[in-house]
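Visitor: Next up is a structure, given as structure tokens.
The values are calculated or read from the model by the stated rules, or taken from the named source; none is laboratory data. Because the structure is predicted, anything quoted here is derived from the model rather than measured. Backbone-built Cβ (ideal geometry, glycine too); neighbour counts: all protein chains shown. Ligands, DNA and RNA are stripped out before the accessible areas are found, and what is left, the full protein with its side chains, is counted by its heavy atoms. Shrake-Rupley method; radii C 1.70, N 1.55, O 1.52, S 1.80 Å.
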Amino acid sequence: MNYPFWDISIGYGLFMAAVAVIHVFVSHFAIGGGLYLVVTEHYARKRNDLETLDYLQRLSKYFVLITVVFGALSGVGIWFIIGLLNPAATQMLIHNFVWVWATEWTFFVVEILASLLYYYGWQRMSAKDHLKLGWIYFIAAWLSLFAINGIITFMLTPGDWLVTGDFWDSFFNPTFWPSLVTRTGICVMLGGLYAMLAINRSVSPEAKKRIVRNNALWGLVGVAIIVPAFMWYVQVLPGSLMSAAQEVMPGVIHSVRSTHWLAGAIALLLIVFGLARPKRQNKIVTVVTMLLALGWFSGFELFREGIRKPYVIPGYMYANAIEVAKIDDYTADGYLPHIAFRTGDDGADLYRRACQSCHTIDGYRKLKPAFDGTDIEFIAGVVRGSEAVIGAMPPFYGTVEESEALAEYIQRFTDNRPLEEVYELAGVELGKKVFEVRCGVCHEFGGRNDNRESLTGLSPDEYDEILEYSGEFDDNMPAFTGTTAQWEALVLYLQTLE
Ligand code: HEC
Ligand code: HEC
């Protein structure tokens, strides 16, 4: 299927991340908070602890508000956004998982009804019925996580489904279980953290001590689950995903370590201000702990998003909705014949098709600075060599003419004076800039396509020769098309390499 494109200025990735991270931060609390409420209520009733029951009733009010109103709205928001950003992937997910979505929504309706009745029932129901309702809420909420977890994990590790096409292979894919355990741990942790927010002056010091300790324990149990479960999750990721990320986006792999530091900091705050000095627990500590938890969670979600780049479903579809199965068609006759909604501006359509899912011209992941001061041949060469650019970019499967039309489109927005004028540089400084712009998009010393060795210690003539034959080194490498001043400055700069 073919869809029109949606142009937004802030960039697809940032927009999605903003809504999604907030949504998951609330929706996981919706599950963990449910378990927290019903378990804590059970023990409070057993001890006839009226103060805790009073606190729980207050908590459940804002629990309903946050989860039902905000959680549901942001969830619907995600549907709108993914449907507009990547309709092809959304369509695929709907087709393959139609019964899973139906099941998930059924659980969701049960969840909403149960939460409203649970709040309503504090004064009006027997303790037994009220607790039963709490359990119905939690079980429905957790099962909705179970259902959606199969879909989210599929988008990272479609596993055997790529070969078998079997539904169960897609649902119970390699990361299904570790992700479910990690997310359940997140739910438990957030249940305890959010609950801290409902502690106010109406709680007596004695009760506060009890409640804070209980909440901190929930948070700590959650942390104790998420750390090993996340390590398990990383462990089961296919080696190919990990090594690809290591090569093109090492930062994504390093982010795992920062999540461990965050988990440690959360645990420390919970132990100090929760277990040891519960009286010291206050709104500031709570908010800081929650921000750390939001940081942990964002790290986890960004790792998941980052590691699957340049794909949206590894091995099946690239993030720009290019289906792997259709690559031969694109290579044969280019992208344009396969774009149903053409605007008449081929360059713009190609940009939307090939780049817009991950870049903006002048906002998030902006392209303008990389191309300011360059020329159409260079831009077109980088487009054709997309695969080799630092970052996790899909290959460009369009034709040479299409790469030029796309380059011509990008050039409308860039500074078209030569680099030496754009940056007002000369000599070695200019050479450094030329290298950064014309070579550095693909070559990183000590990193990707490291060519330091081949560029060090040569004579000026040899450098001239490299630039002369630069178009013949690799299919993904463009010829040097800079001005004479840039050429000379680059050779000067290369002579300074050690
Ligand atoms: C799957 C997502 C994706 C797609 C599609 C994509 N890119 Fe990229 N691109 C990236 C990522 C990720 C980076 C690394 C950005 C970073 O490190 O900040 C990158 C980096 C770049 C850079 C280097 C930017 C710099 O400042 O060094 C250029 C140039 C570039 N892309 C051009 C393009 C062009 C042109 C297209 C379309 C033909 C395209 N990209 C399509 C993800 C993508
Ligand atoms: C669009 C990506 C791209 C750009 C831009 C680019 N190269 Fe390359 N280059 C490659 C690829 C891919 C290879 C082959 C793989 C490799 O050797 O790392 C390569 C190979 C080379 C080699 C061969 C030997 C070696 O050690 O890898 C040299 C030398 C080189 N490039 C120099 C340059 C210089 C100088 C510039 C800037 C004027 C430049 N490249 C710009 C992608 C690029």
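Visitor: Scan region 182-213 residue by residue and report those that are outside any helix (DSSP H, G or I) and buried (at least 17 other Cβ atoms within 10 Å of the Cβ).
Guide: A198, I199, V203
Visitor: Here is a follow-up. Report yes if some residue within region 296-309 is more than 16 Å from ligand 1 (Cβ to nearest atom), open to solvent by 20 Å² or more (accessible area, probe 1.4 Å) and in a helix (DSSP H, G or I); otherwise report no.
Guide: yes
Visitor: Just checking: which of the helices (runs of 4 or more DSSP H) contained wholly in region 447-497 hold 3 or more residues that are outside the structural domain of A388 (by TED's automatic domain parsing) and more than 10 Å from ligand 2 (Cβ to nearest atom)? Working first, answer last.
Guide: Numbers: elements: 452-455, 460-468, 484-495.
Fully inside region 447-497 and qualifying: 460-468, 484-495.
Visitor: Determine whether region 451-461 contains at least one residue that is open to solvent by 60 Å² or more (accessible area, probe 1.4 Å), at pLDDT below 95, within 31 Å of the chain's Cα centre (by Cα) and acidic (D, E).
Guide: Taking every residue of region 451-461 in turn, none turns out to be open to solvent by 60 Å² or more (accessible area, probe 1.4 Å), at pLDDT below 95, within 31 Å of the chain's Cα centre (by Cα) and acidic (D, E).
Visitor: Let me ask you something else. Which number in (1) more than 19 Å from the chain's Cα centre (by Cα); (2) in a loop (DSSP other than H, G, I, E, B); (3) among the charged types (D, E, K, R) marks the one condition that K279 misses?
Guide: (2)
Visitor: Report the residue count in region 349-369 for those that are small (G, A, S), away from ligand 2 (no atom under 16 Å from the Cβ) and surrounded by 20 or more Cβ atoms within 10 Å (Cβ to Cβ).
Guide: Filtering region 349-369 down to residues small (G, A, S) leaves 354, 357, 363.
Next, from what is left, pick out any that are away from ligand 2 (no atom under 16 Å from the Cβ): 357, 363.
Filter again for surrounded by 20 or more Cβ atoms within 10 Å (Cβ to Cβ), leaving 357.
Of the residues in region 349-369, 1 are small (G, A, S), away from ligand 2 (no atom under 16 Å from the Cβ) and surrounded by 20 or more Cβ atoms within 10 Å (Cβ to Cβ).
Visitor: Can you name the residue in region 32-91 that is within 26 Å of the chain's Cα centre (by Cα), part of a helix (DSSP H, G or I) and polar (S, T, N, Q) and is also surrounded by the most Cβ atoms within 10 Å (Cβ to Cβ) among such residues?
Guide: T67
Visitor: When you scan region 110-181 for helices (runs of 4 or more DSSP H) that lie fully inside it, which ones turn up with 3 or more residues that are farther than 30 Å from Y311 by Cβ and out of contact with any Leu (no Cβ under 9 Å at 6 or more places or on another chain)? Please lay out each step first, then the result.
Guide: Working: elements: 127-154, 161-164, 167-171.
By residue number, 127-154.
Visitor: Residues of region 387-412 being outside any loop (DSSP other than H, G, I, E, B), open to solvent by 40 Å² or more (accessible area, probe 1.4 Å) and within 14 Å of ligand 2 (Cβ to nearest atom), which ones?
Guide: Once the filter is applied, which keeps residues that are outside any loop (DSSP other than H, G, I, E, B), open to solvent by 40 Å² or more (accessible area, probe 1.4 Å) and within 14 Å of ligand 2 (Cβ to nearest atom), region 387-412 yields only E387.
Visitor: For the list (1) in a helix (DSSP H, G or I); (2) in contact (Cβ under 8 Å) with a residue 24 or more places away in the chain; (3) more than 22 Å from L367 (Cβ to Cβ), I need the number of the one condition that E421 fails.
Guide: Single failed check for E421: (3).
Visitor: Could you list all residues from region 122-136 that are more than 15 Å from T40 (Cα to Cα) and surrounded by 10 or more Cβ atoms within 10 Å (Cβ to Cβ)? Walk me through it before giving the result.
Guide: Keep residues of region 122-136 that are more than 15 Å from T40 (Cα to Cα), which gives 123-126, 129, 136.
Scanning region 122-136 gives M125, D129, I136.
Visitor: Any idea which of (1) more than 8 Å from ligand 1 (Cβ to nearest atom); (2) open to solvent by less than 50 Å² (accessible area, probe 1.4 Å); (3) touching a Ser or Thr at 6+ places or on another chain (Cβ under 9 Å) is the one D415 doesn't satisfy?
Guide: The one condition D415 does not meet is (3).
Visitor: For region 367-375, check the following and say yes or no: at least one residue is away from ligand 1 (no atom under 12 Å from the Cβ) and outside any helix (DSSP H, G or I). Before you say what the answer is, go through the steps one by one.
Guide: To start, the set of residues in region 367-375 that are away from ligand 1 (no atom under 12 Å from the Cβ) comprises 373, 375.
Keeping just the survivors that are outside any helix (DSSP H, G or I) gives 373, 375.
Taking every residue of region 367-375 in turn, at least one turns out to be away from ligand 1 (no atom under 12 Å from the Cβ) and outside any helix (DSSP H, G or I).
Visitor: Look at region 238-255 and say how many of its residues are over 13 Å from A392 (Cα atoms) and either over 16 Å from the mean Cα position of the chain (by Cα) or open to solvent by 70 Å² or more (accessible area, probe 1.4 Å) (or both).
Guide: 4
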